[in-house]
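Below you'll find the structure, written out as structure tokens, and then a few comments.
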Amino acid sequence: MRLPWLDPGDPFPNPSQAWGPEQAAPGLLAAGGALDVDSLCRAYAGGIFPWFSEGQPILWWSTDPRMVLFTDEFRLHRSLRKTLSRFIETSGCELRIDTVFDAVIRACAGSPREGQAGTWIVPDMVKAYTALHRAGHAHSVETWIDGELAGGLYCVAMGQAVFGESMFTRRTDASKIALAGLVAFCRHHGVRLIDCQQNTRHLASMGAREIPRSDFVAQVAHNRLKPALRWRFDPVYWHDLLLPRPSA
């Protein structure tokens, strides 16, 4: 099956045209184009994301089904609940947003991945998402312990559509604390869904699951038009995660 080649500025194909399970790379939609802010914003608005390795052209994907985390389905396991409670109560432990985005994405790029020899966060991706951060569309969620960056994640946001990208950790459970912080932040602001892109055992253990691509694209189209979130973390947001949720 022929793969569309994009010149910079070209419109993206409809996500429904991505390669299916019978093709060599299910979810692959197009190649080429550019990683500028406009292209990335148009891609995410359509449920499309870039993913490629060093030496490859830019590859654009829209997987079906799509792995997502509904924030009210986040699994706060007993051990993580204890870790979070201790983190919140300990002086010198703090969750921050957008204070060192560059350091977070570079740490994600340098973190080894299970089953991967290298990283998909190549230098061009670091440069592109740093520019996206400067434009207000990419954010870092950071776990700080005793004045040191212990772990974190970065994500993309358009309106109230939130797309998780990558995590890293330097201390036990520091990346899980950052993810829990993102979930708490999203719950507080009424964001119901965080995109996870790919199905992994780790994400599934935290409550993520697959939904049809058509449903995901429809959710993005709706949520990206909502007022932009104020990306600041207040410790009171932890209550949205740790306190019992009222029954329906």
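Assorted remarks:
- Anchor Lys82: aspartates and glutamates whose Cα lies under 13 Å away (excluding residues fewer than 8 positions away in-chain): Asp173
- Sorted peptide list for 158-168, 178-188, criterion being average Cβ within 10 angstrom, highest first: 178-188, 158-168
- Summing charges over neighbours of Ala103, with a neighbour being any other residue whose Cβ is under 12 Å away from its Cβ, gives -1 when K and R count +1 and D and E count -1.
- Efficiency of FRET from Cβ geometry, Asp215 and Asp38, R₀ 35 Å, rounded to 0.05: 0.85
- Formal net charge of residues neighbouring Gly9 (Cβ-Cβ distance under 14 Å; K, R +1; D, E -1): -3
- Only protein atoms count toward the accessible area here, which uses a 1.4 Å probe; on the stretch 52-114, the carbon and sulfur part of that area reaches 46 percent.
- Point-charge dipole on Cβ atoms (K/R +1, D/E -1) for the chain, about Cα centre, debye to 20: 680 debye
- Span-rule helices in the chain, defined as complete DSSP H runs reaching 27 Å or more along the axis (Cα) with Kyte mean at least 0.5: none
- Residues whose amide H comes within less than 5 Å of that of Cys93, counting only those at least five positions distant or on another chain, are Asp146 (H built at 1.01 Å from N in the peptide plane).
- Short to long, the 10 Å bins of the Cα pair-distance histogram for the stretch 115-248 hold 11, 38, 41, 10, 1 percent of all pairs.
- Potential lengthening between Leu225 and Ser79 on full extension [0.36 nm per residue; Cα-Cα distance subtracted]: 48.9 nm
- Cα centroids of the stretch 215-240 and the stretch 5-35: 27 Å apart.
- Surface accessible to a 1.4 Å probe, per residue, for the residues of the chain, Å²: 49 Å²
- Taking the three principal axes of the alpha carbon atoms in the chain, the coordinate ranges are 55, 41, 35 Å, sorted in descending order.
- Ignoring lysines fewer than eight residues from Lys226 along the same chain, the ones with Cα atoms less than 30 angstrom from its Cα are Lys127, Lys176.
- Inter-label distance for Asp234 and Ala204, nm, one decimal - labels placed 7 Å from Cα along Cα-to-Cβ: 3.8 nm
- With contacts taken as Cα pairs under 8 Å at a separation of at least 6 residues, the chain carries a relative contact order of 22 percent.
The values are calculated or read from the model by the stated rules, or taken from the named source; none is laboratory data. All of these numbers come straight from a predicted model, not from anything done at the bench. Neighbour counts run over all protein chains shown; Cβ positions are idealised from the backbone, glycine included. Each accessible area value is taken on the protein alone, full model and side chains, heavy atoms only, with ligands, DNA and RNA left out. Shrake-Rupley method; radii C 1.70, N 1.55, O 1.52, S 1.80 Å.
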